Amino acid sequence: EPEVTQTPSHQVTQMGQEVILRCVPISNHLYFYWYRQILGQKVEFLVSFYNNEISEKSEIFDDQFSVERPDGSNFTLKIRSTKLEDSAMYFCASSETGTGNSPLHFGNGTRLTVT
Amino acid sequence: AQKITQTQPGMFVQEKEAVTLDCTYDTSDPSYGLFWYKQPSSGEMIFLIYQGSYDQQNATEGRYSLNFQKARKSANLVISASQLGDSAMYFCAMREAYNTDKLIFGTGTRLQVFP
């Protein structure tokens, strides 16, 4: 069964450094998402991406965040200057359509630790 | 605005028994989808079951069923014949058809199955 793959599974970085989290969505999916989950807390929406542009973003997704689909398969989340509070699990997800009946399929996540 | 509420932070169930995890929601969109995800201790998000707002019958997937009561705006997950491997965090989520394409999550319920 096709799946969303994320790399790396764990990333440790120093405060102020840039990180890029990578994702390969399911190949026939058109909608892409990033979510984050701070340890023990709820899953928070960051950004949705369709047709090579951001379709929606949350208040969390400020100027230090950016997303890109550099080629036909990868979808990346860049955090320009990491802060301690960016430490979280970051999930990439994709769905076939943008309608209410289409589930999001999630990758296994990247655990980001900012020291 | 869309909202998902899970009022049970934790639930216990004995192996082979059934358990119901509660979820209520709020939306102004007449068309929406309701989803349940399982998050084991390893961290991945696993899609379990989907219920559409116009579906006449409650969704079922193996041992999972969804008790959908539209007038009460509730979408409870029922797990029958619980197994030790069902111990995990369970998230209820909703996706609207028109207002937005993002999926929003409740705060989750931690289920522990004991022998």
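Among the residues of the range B:67-115, write down those that are open to solvent by 20 Å² or more (accessible area, probe 1.4 Å), more than 12 Å from every other protein chain (Cβ to nearest Cβ), at negative phi and of a type in the set (Gly, Ala, Ser).
Matches in the range B:67-115: B:Ala71, B:Ser80, B:Gly85, B:Ser87.
Search the range B:100-111 for residues that are among the hydrophobic types (A, V, I, L, M, F, W, C) and pair each with any residue that is part of a loop (DSSP other than H, G, I, E, B) when their beta-carbon atoms are under 7 Å apart and the residues are at least 6 apart or on different chains.
Pairs that qualify, where the first residue is among the hydrophobic types (A, V, I, L, M, F, W, C) and the partner is part of a loop (DSSP other than H, G, I, E, B), are B:Leu103/A:Leu104; B:Ile104/B:Gln2; B:Phe105/A:Lys42; B:Leu111/B:Ser87.
Assess whether A:Thr115 counts as being more than 8 Å from chain B (Cβ to nearest Cβ), of a type in the set (Val, Ile, Thr) and either farther than 15 Å from A:Leu21 by Cα or without any contact (Cβ under 8 Å) to a residue 40 or more places away in the chain (or both).
yes
Tell me, yes or no, whether the range A:91-111 has at least one residue that is small (Gly, Ala, Ser), loosely packed, with under 15 Cβ neighbours inside 10 Å and more than 15 Å from A:Tyr31 (Cα to Cα).
no
Filter the range B:9-43 for residues that are surrounded by 13 or more Cβ atoms within 10 Å (Cβ to Cβ), within 14 Å of another protein chain (Cβ to nearest Cβ) and assigned to a loop (DSSP other than H, G, I, E, B) and give the result.
B:Cys23, B:Thr27, B:Asp29, B:Ser31, B:Pro40, B:Gly43
The values are calculated or read from the model by the stated rules, or taken from the named source; none is laboratory data. Because the structure is a prediction, the values reported are computed rather than measured. Cβ sites come from the backbone with ideal geometry, for glycine too, and all protein chains shown count toward neighbours. For the accessible areas, the whole protein counts, side chains as well, though only heavy atoms, and no ligand, DNA or RNA atoms are used. Shrake-Rupley method; radii C 1.70, N 1.55, O 1.52, S 1.80 Å.
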